[in-house]
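Right, one structure below, let's go through it.
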């Protein structure tokens, strides 16, 4: 990096958004509006991403267990729009708080740390991968500061841009987390597919046997 920070369009957007929040003005985030939990995992907001999933599952359970099918569709649509608006309005507020915490922990000083993860935005449906990514970041941070005692952890524009910089390489722990998550994801997927295939096969065979038995009884 050599002290040079490349300011991308997204970095400039968040810098302006955080400046508005410091001034007490609202800041809307369209990415959070459209992608909700996926956006949170992409931005490595692990806890908030999990809370988003829990909220989605809880809403789905409550609606489907207490409403008819037609009413459930209507309520789901209303809740989805409401949640999108909440994410759009509060997204930058939540992300700013996370960025402050990461800067306090010195993540912006790590040359091998990316503040975003496209792979996690896809693999979060395999929940163990969220833990692997989080653990990888924590271990990389601890290793980096094991021999470094000075941290410039003030929340200013320069450090925010360092944290948001997209020209960094991922740390080794992060690459291992990606590899482990991908392997376990496909292994678990194959197991689940095999399980449902066997269940479907058993169901078809039982139905076929029942139909054969019915035909035989009719002929008798």
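I want to confirm something. Restricting to the range 132-152 and keeping residues that are within 18 Å of residue 37 (Cβ to Cβ) and touching a residue at least 60 places away in the same chain (Cβ under 8 Å), which single residue is surrounded by the most Cβ atoms within 10 Å (Cβ to Cβ)? Let's see the steps before the verdict.
Going through the range 132-152, the residues within 18 Å of residue 37 (Cβ to Cβ) turn out to be 132-134.
Going one step further and asking which of them are touching a residue at least 60 places away in the same chain (Cβ under 8 Å), we end up with 133-134.
Numbers: 133: 24, 134: 16.
The selected residue is 133.
Name the helices (runs of 4 or more DSSP H) wholly inside the range 6-109 in which the number of residues that are modelled with pLDDT under 95 is 3 or more.
Because the criterion is at least 3 residues that are modelled with pLDDT under 95, the helices (runs of 4 or more DSSP H) in the range 6-109 that meet it are 9-22, 46-66, 69-104.
Considering each residue of the range 101-125, count those that are surrounded by fewer than 17 Cβ atoms within 10 Å (Cβ to Cβ) and within 20 Å of residue 37 (Cα to Cα), and give that number.
Within the range 101-125, residues that are surrounded by fewer than 17 Cβ atoms within 10 Å (Cβ to Cβ) and within 20 Å of residue 37 (Cα to Cα) number 5.
Considering only the range 120-129, I want to know if a residue exists there that is under 18 Å from residue 10 (Cβ atoms), within 20 Å of the chain's Cα centre (by Cα) and touching a residue at least 60 places away in the same chain (Cβ under 8 Å).
Within the range 120-129, the subset under 18 Å from residue 10 (Cβ atoms) is 120-121.
In the following step, the residues that additionally are within 20 Å of the chain's Cα centre (by Cα) were identified as 120-121.
Within this subset, residues satisfying the condition of being touching a residue at least 60 places away in the same chain (Cβ under 8 Å) are 120-121.
Yes: one or more hits.
Out of 77, 33, 60, 73, I need the residue that is within 20 Å of the chain's Cα centre (by Cα) and either within 19 Å of residue 166 (Cβ to Cβ) or surrounded by fewer than 16 Cβ atoms within 10 Å (Cβ to Cβ) (or both). Which one?
Details: 77 fails: within 20 Å of the chain's Cα centre (by Cα); 33 fails: either within 19 Å of residue 166 (Cβ to Cβ) or surrounded by fewer than 16 Cβ atoms within 10 Å (Cβ to Cβ) (or both); 73 fails: within 20 Å of the chain's Cα centre (by Cα).
60 is the lone residue from the list that is within 20 Å of the chain's Cα centre (by Cα) and either within 19 Å of residue 166 (Cβ to Cβ) or surrounded by fewer than 16 Cβ atoms within 10 Å (Cβ to Cβ) (or both).
Take residues that are at pLDDT below 90 and closer than 17 Å to residue 99 by Cβ and tell me which of the helices (runs of 4 or more DSSP H) falling wholly in the range 112-220 contain 1 or more. Before you say what the answer is, go through the steps one by one.
Values: elements: 118-123, 128-144, 157-164, 172-219.
It comes to none.
The values are calculated or read from the model by the stated rules, or taken from the named source; none is laboratory data. Just so you know, these numbers come straight off a predicted model, no measurement behind them. No Cβ is skipped: glycine too gets one built from the backbone with ideal geometry, and neighbour counts run over all protein chains shown.
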